[in-house]
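Worksheet for the structure shown next.
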Amino acid sequence: MKVLVTNDDGIDSPGLTVLAELALARGFEVVVAAPARESSGASASITGAEEDGRLLVTERRPPGLSGELASYGVRAAPGLITFAAAYGGFGDKPDLVLSGINRGQNTGHAVLHSGTVGAPLTGTTHGIPGIAVSLASPEPEHWDTPRPYVEAALDWLLASGLRDRVLNLNVPDVPADEVRGLRQAPLAAVGVVQGVVHEHEGHLRLTYSDVESLGDAGSDAVLLDEGFATLTLVRAPVFDLDPSLPESGPLVP
């Protein structure tokens, strides 16, 4: 099995090394390809820096990664990196995308904006399932705590055979023995921060603040705050058939 390990925090994040080592321990073929610089909030964007029509790629390694493993810093958003990998940009098309481990949680409907989640969602549009992994701290101290939860998510994903799904895993940034367990959780209605738009002298300014409430009991944000690791099954956009949508012949103004 070929595994692409990527993220949105950039190639210098130790979270890449944790996921790469986990995949190697499973006997998988692994390639690391991550943004050359932080791309948080990139969602599934396929933007990148080109020179003469070529995507800018250099050999770079996250801290502690084995020197024998192929690893690249790419001047692109994680969605574009996954897109390129699906078309053989980093060797054979991957069978799985592991994204993270992200600095900070990705919970609630705000995962729509997450590059960590956007990378595997992009993969599913090419028949590649994935797992997005996040630690609930902007400056994580316990990078190894997610390992057994990633393993559990990976076991389920491989057994299920779902090709158009992404598992979104969030883990508290605490010692492993302090995590209360793993829970399936729906997305909270909001994320952990809320944006406010201010208009000033003809310009718009966006500021962020912590939300006052994390939402309904049992949501991913609430369970994570209570000390549980949370697992949410998400998928790329799908369409809904609705018989009430208008259809007609040619319309003349």
Worksheet item: For segment 1-84, list the strands (runs of 3 or more DSSP E) that sit wholly inside it and hold at least 2 residues that are among the β-branched types (Val, Ile, Thr); which are they?
Response: 2-6, 29-35, 57-59
Worksheet item: Of the residues that make up segment 88-99, is at least one at pLDDT 95 or above, open to solvent by 10 Å² or more (accessible area, probe 1.4 Å) and closer than 17 Å to LEU19 by Cα?
Response: yes
Worksheet item: Pairs under 6 Å by beta carbon, first residue closer than 9 Å to ILE101 by Cα in segment 1-14, partner of a type in the set (D, E, K, R), six or more apart or different chains?
Response: ASP9/GLU38; ASP9/ARG103
Worksheet entry | Sole residue being modelled with pLDDT of 95 or more and touching a Pro at 6+ places or on another chain (Cβ under 9 Å), chosen from VAL117, VAL171, VAL150 | VAL171
Worksheet item: So which residues in segment 123-176 are open to solvent by less than 40 Å² (accessible area, probe 1.4 Å), of a type in the set (Val, Ile, Thr) and within 15 Å of the chain's Cα centre (by Cα), if there are any at all?
Response: THR124, ILE128, ILE131, VAL133, VAL150, VAL166, VAL171
Item to complete: For residues that are at negative phi and assigned to a helix (DSSP H, G or I), tally how many sit in segment 85-115.
Response: 8
Worksheet item: Which residues, taken from segment 102-122, are farther than 23 Å from GLY218 by Cα, open to solvent by less than 10 Å² (accessible area, probe 1.4 Å) and over 8 Å from the mean Cα position of the chain (by Cα)?
Response: none
Worksheet item: Could you count how many residues in segment 20-49 are at pLDDT 95 or above and over 15 Å from ASP95 (Cα atoms)?
Response: 5
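The values are calculated or read from the model by the stated rules, or taken from the named source; none is laboratory data. None of the values given here were measured: they were computed from a predicted structure. We place every Cβ from the backbone using ideal geometry, glycine too, and count neighbours over all the protein chains shown. Heavy atoms of the whole protein, side chains included, go into the accessibility calculation; ligands, DNA and RNA do not. Shrake-Rupley method; radii C 1.70, N 1.55, O 1.52, S 1.80 Å.
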